[in-house]
Amino acid sequence: MTRLAVLADIHGNLPALEAVMADMRRFAVHQVMVAGDCVNWGPFSREALEIVTQRRWAVVRGNNAFYALDYETPREPAHWSSFTLPPILRAQLGEDGMRLLACQPDSLSLRFPDAPPLRIVHGIPGNPWQAIYPQTAESIITIWLESVAESTVVCAHSHIALERHVGRWHIFNPGSVGVPLDGECSASYMIIEGDEASWQLLEHRRINYDMRPIFAAFARMEFAERGGNVARLAIEEFRSARLQVYPYIMWKQTHKPHAPDSPALLDEFMHVADTRPYLPPEYRDVTSQLHRD
């Protein structure tokens with residue numbers, strides 16, 4: 001049998017990654033795979049990327065890599081011009097980190113001699129910005145995966161742990177190491193095991209860790225001051241394990257479409273009693289979907 005640790009969405013959270021690395025030692029895994037988004041949002045993007053690279057883990061590029069690679073290039077979408085976090089991410093990564101991201105693949109097919117091939121993507125094949133959710137209709141998933149020959153698919157992007165069987169595919173999402181969005185402030189990852197017939201979920205792990213170094217690093221780098229409202233909300237996503245940036249944007253478009261971003265505007269949003277109407281439906285009442293110790 002082959003045993004793998006499945007990680008995703010580390011997002012520059014070094015304390016969470018170190019806690020996962022310590023925990024996975026008990027499982028004697030043969031390899032580690034990372035389904036994208038090692039970087040951005042958190043204060044330790046360079047360190048997380050270096051660990052993944054130096055240990056030669058199997059890794060694909062997530063959507064957040066594009067904020068570093070395409071910002072201020074001809075590939076940049078027009079609406080990115082007002083984004084405040086890409087310059088901060090680029091400064092964290094440096095030239096060496098940018099080149100490491102540039103060389104990451106968007107998809108991998110792993111082929112072990114004693115288990116079926118499996119496909120790794122960040123979101124869905126060909127689109128790292130789209131996620132598979134527990135609520136996603138099987139008919140839609142079938143269309144998204146129709147070109148995937150492998151019967152096992154590892155994906156990420158939603159920051160919600162998932163195991164689903166759809167048609168001929170067995171789908172795993174390990175949740176987020178760095179920024180879970182199910183309300184549980186602990187690092188999420190999976191151990192899967194493969195034999196000649198299939199891959200099975202051995203354990204879904206939730207690992208508690210000390211979050212104080214993250215907030216201390218944010219303060220040292222003046223992240224909130226440099227990144228404005230989005231940076232402040234990103235910090236709150238670490239603190240709450242809930243979406244914060246998206247509902248702020250939706251609330252602003254609904255109630256204050258012409259108001260400039262300002263601390264006062266963010267303070268007004270933070271006093272909204274119920275932000276669920278501004279969330280995507282998939283996140284309105286989400287809790288941890290899997291929990292196996």
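The values are calculated or read from the model by the stated rules, or taken from the named source; none is laboratory data. Keep in mind the model is a prediction, meaning the values are calculated, not measured. In this analysis, Cβ positions are derived from the backbone assuming ideal geometry, glycine residues included, and neighbour counts consider all displayed protein chains. Heads up: the accessible areas ignore ligands, DNA and RNA and are worked out on the full protein's heavy atoms, side chains in. Shrake-Rupley method; radii C 1.70, N 1.55, O 1.52, S 1.80 Å.
Structure notes:
- Rg and Dmax of the range 82-174, both derived from C-alpha coordinates alone, stand at 15.7, 49 Å.
- Spacing of the modelled spin labels on residue 22 and residue 55, each 7 Å from Cα toward Cβ, amounts to 1.4 nm.
- Taking the longest Cα principal axis of the chain as reference, the axis of helix 14-24 is set at about 20 degrees.
- Protein-only accessible surface order, largest first, of 108, 7 at 1.4 Å: 108, 7
- One chain, two ends: residue 271 and residue 212. Fully extended at 0.36 nm per residue, the span grows by 18.8 nm beyond their Cα-Cα distance.
- Rg(Cα) / (2.2 N^0.38 Å) computed for the chain, rounded to two decimals: 0.98
- In the full protein context, the range 148-262 carries 39 Å² of accessible surface per residue, based on a 1.4 Å probe and ignoring ligands, DNA and RNA.
- When peptides 169-175, 201-207, 58-64 are ranked by their average number of other Cβ atoms within 10 Å per residue, the highest-first order is 169-175, 58-64, 201-207.
- The value for the range 1-100 of Rg(Cα) / (2.2 N^0.38 Å) is 1.16.
- Accessible-area composition of the range 5-118, carbon plus sulfur, in percent [1.4 Å probe]: 52
- Ranked by how many other beta carbons lie within 10 Å on average, peptides 25-34, 269-278 from highest: 25-34, 269-278
- Descending semi-axes in whole angstrom, ellipsoid equivalent of the range 179-293, from the Cα gyration tensor: 33, 19, 11
- Rounded to the nearest 10 degrees, the inclination of helix 245-255 to the longest alpha-carbon principal axis of the chain is 40 degrees.
- Helix 223-240 and the longest principal axis of the Cα set of the chain meet at an angle near 50°.
- Rounded percent of accessible protein surface that carbon and sulfur make up, the range 141-217, 1.4 Å probe: 50
- For the set 189, 246, the ranking by accessible area, highest first and with no ligand, DNA or RNA atoms included, is 246, 189 under a 1.4 Å probe.
- A prolate overall shape is assigned to the range 197-249, the ratio a/c of its alpha-carbon gyration tensor axes (a ≥ b ≥ c) being 1.5 or greater and a/b exceeding b/c.
- Residues 83, 238, ordered by accessible area of protein heavy atoms at a 1.4 angstrom probe radius and largest first, appear as 83, 238.
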